[in-house]
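What follows is one structure encoded as structure tokens, with my remarks underneath.
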Amino acid sequence: MELFLHQVLAGLATGGIYACMALAVVMIYQAIDHLNFAQGEMAMFSTFIAWQLIQWGFPYWLAFGATIVISFAAGVLIERVVLRPIHDAPVLSHVVAFIALLSIFNSGAGFLWDWTIKNFASPFGAGPFLGQNLINKHDAGMIAVTILLLVFLYLFFRHTRIGLAMRAAAANPESARLAGIRVGWMTALGWGMAAAIGSVAGMLIAPVVFLEPNMMLSILLYGFAGAVVGGLTSPGGAVLGGFAVGVIENLAGTYIPVVGREMKLSIALCIIVAVLCVKPSGLFGRPVVTRV
Amino acid sequence: MSNLLEARELNAFYGSIQVLFGLGLEVEDGGITTLLGANGAGKTTTLRSLSGMCHTNGEIRFDGKSIGGRATEDIVRLGIAHVPQGRGTFSRQTVEENLQIGAMTRWGRAEIAADIERVYGYFPRLKERRTQQAGTLSGGEQQMLAVGRAMMLRPRLMLLDEPSFGLAPLVVEELFGILRTLNKNEKVSMLLVEQNAALALDLADHAYLIETGRLVMDGPAQKLRDDENIRKAYLGY
């Protein structure tokens, strides 16, 4: 029983990170109808920035805050410079742009900070949380920060004017434009927020997976799985999906002998395929109907 | 009275296909002008051109300022509220959120709240449904919400694209009554596009007739109503 509880809690901790990545993916998907494959690499790059700031002697939480701000600005900039000019272009152009971003950030990080694995300190420390063996301090901290972030985002989208404007722009761009909302800037804002959320996820997971240019590859895959489970059209669903994927992955790794540690990643792919076969719009998403 | 909106030699294109040919039309300040025509004549395109949603050339002036070629968001901010065909409802948002979206260009929490109450004054049924998802409203209620959302902009000119479309006759009568009141009380000028010519000519004081992208007739609404050809072709008696 204790093993089970332990695995569920650990699953929720990593699930929170998947939830953040899923949310970042869904936010951009809602705004531009495409999946941003570079989301993970952007988060990885942000984490390197945080690492660099800490190396320069910044206190952890100052570096944490500064990285969020820098990532937000970079996200806005990427939308304005790279995506804006091709916003009318077909899907393939977007895919190519995303792949370009992915490899630029990946190689850029390798070039700037080399490919060796780096330690990224946890601000919460290691050791068991509250003297219990159920969950360690860093996992508990991850869950807490994720929940804080999600509550903040919920309040932002529900109760601020700019949050409402962003929802309007994503739901019905043409109508939003007729209400005077600058839809293009709302999209850029969405990119900034997605980049900032990704940076939080990266900084939280880095002490677990170690910092290196390919660290977010599997995380993003789990994030995609979470987004697909919850439904790409539902931010709340994506968050729940992320948590669910984290727990499922951990339990399967523990209790299904063939899966073990090595096969964990294929769980994400199995989940994606299974959901797409059974309920393509996800558990909470709206089915998409197109007139042809 | 002066003209609030003027279009001269207005051409509009979808890709390389031209759909409007040298349109010239005027909307009098404080008046209601209607644009009549059959399906596919270019009525919706005319409205879309005026609010910057089509590729156009020619001259469009609003309140003396040239607005041709400007971005939709900027045109809207000058005080032109476009109530689009199909109502443009934000269906997952609540009725009240829809109205708040309409006021997105404005500042002042208290003023906006007062304006929402004012819209509820004109459309009491929206007040009953204020927390309901807008997509669950009936067609008539959604059309009223669309007009209400447009009012939240405090517009000087309202572009209405077939507000009667798909509504029961009684609902249409109620809606057009409210449009008349809004025009009088709130001093909102209107450019109304309609297939229901009898209805439109009743409300409007000036009318244009458009056929395959060209204006073929214009004059006081009364004159068009009495015109024998119009009566046969568009009024059906």
Relative contact order for chain A using alpha-carbon pairs under 8 Å, separation at least 6, rounded to a whole percent?
36 percent
Pick from A:Leu23, A:Leu101, A:Leu240: which residue has the top mean-square fluctuation in a GNM of chain A where Cα pairs under 10 Å get a spring?
A:Leu101
About the Cα centre of segment A:2-278, what is the dipole size in debye to 20, counting +1 per Lys and Arg Cβ and -1 per Asp and Glu Cβ, all else neutral?
560 debye
Please order A:Cys270, A:Cys20 by the number of other Cβ within 10 Å, starting at the fewest.
A:Cys270, A:Cys20
How high is the relative contact order of segment B:19-171, given as a whole-number percent (alpha carbon pairs under 8 Å, six or more residues apart)?
26 percent
What average count of beta carbons from other chains do you get within 10 Å of the Cβ of residues in B:73-84?
3
Please list, in order along segment B:143-155, the HN-Hα scalar couplings obtained from phi with the Karplus expression 6.51 cos²θ - 1.76 cosθ + 1.60 (θ = phi - 60°), rounded to whole Hz, x for Gly and Pro.
5, 5, 5, 5, 5, x, 4, 5, 4, 4, 7, 6, x
Model label zone, B:Phe165; criterion: amide N under 19 Å from point 7 Å along Cα-to-beta-carbon; scope segment B:71-103:
B:81-92
Which value, in debye to the nearest 20, gives the size of the charge dipole of the protein assembly as shown about its Cα centre, when Lys and Arg are +1 and Asp and Glu are -1 at the Cβ?
540 debye
Selection of GluC sites (Glu not before Pro), segment B:161-210, meeting DSSP coil and at most 14 other Cβ within 10 Å:
B:Glu186
Please order B:His55, A:His159 by the number of other Cβ within 10 Å, starting at the fewest.
A:His159, B:His55
Need the list of lysines near B:Lys127 for cross-linking: C-alpha distance under 30 angstrom, and skip anything on the same chain fewer than eight residues off.
B:Lys184, B:Lys187
Mean separation of Cα contacts under 8 Å, 6 or more apart, over the residue count of segment A:78-168: relative contact order %
11 percent
Apply the Karplus parameterisation 6.51 cos²θ - 1.76 cosθ + 1.60, with θ equal to phi minus 60°, to every residue of segment B:5-12 and state each ³J(HN,Hα) to the nearest whole Hz, in sequence, with x for glycine and proline.
10, 9, 10, 10, 6, 7, 10, 10
Please sort by residue number the trypsin sites (Lys or Arg not before Pro) in segment B:170-214 whose DSSP state is loop and whose Cβ has at most 11 other Cβ atoms within 10 Å.
B:Lys187
Chymotrypsin sites (Phe, Trp or Tyr not before Pro), restricted to segment A:186-292: which are DSSP loop and have at most 16 other Cβ atoms within 10 Å?
A:Phe210
Taking only Cα atoms of the protein assembly as shown, what ratio of Rg to Rh do you get with Rh as the Kirkwood inverse-distance radius?
1.08
If amide H atoms are modeled at 1.01 Å from N in the peptide plane, then the residues at a separation of 5 or more from B:Gly219, or on another chain, having amide H under 5 Å from its own are B:Ala207
Using a cut-off of 30 Å between alpha-carbon atoms, which lysines can reach A:Lys118, once sequence neighbours fewer than 8 places away in the same chain are excluded?
A:Lys137, A:Lys264
Partner chain coverage, peptide A:155-167 - average Cβ within 10 angstrom
2
Output the Cα-based Rg and Dmax of segment A:135-292 in Å, rounding Rg to one decimal and Dmax to a whole number.
17.7, 57
Taking B:Ile101, A:Ile32 and counting other beta carbon atoms within 10 angstrom, the fewest-first order is A:Ile32, B:Ile101
Positive end of the dipole of the protein assembly as shown, charges at C-beta (+1 Lys, Arg; -1 Asp, Glu), about the Cα centre: which of B:Pro220, A:Met215, A:Ser175 has its Cα farthest in that direction?
A:Met215
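The numbers here are math on the coordinates, done by the rules we state, and not lab data. Keep in mind that this is a model prediction, so the values were computed, not measured. Please note: Cβ atoms are built from the backbone with ideal geometry, for glycine as well, and neighbour counts cover all protein chains shown.
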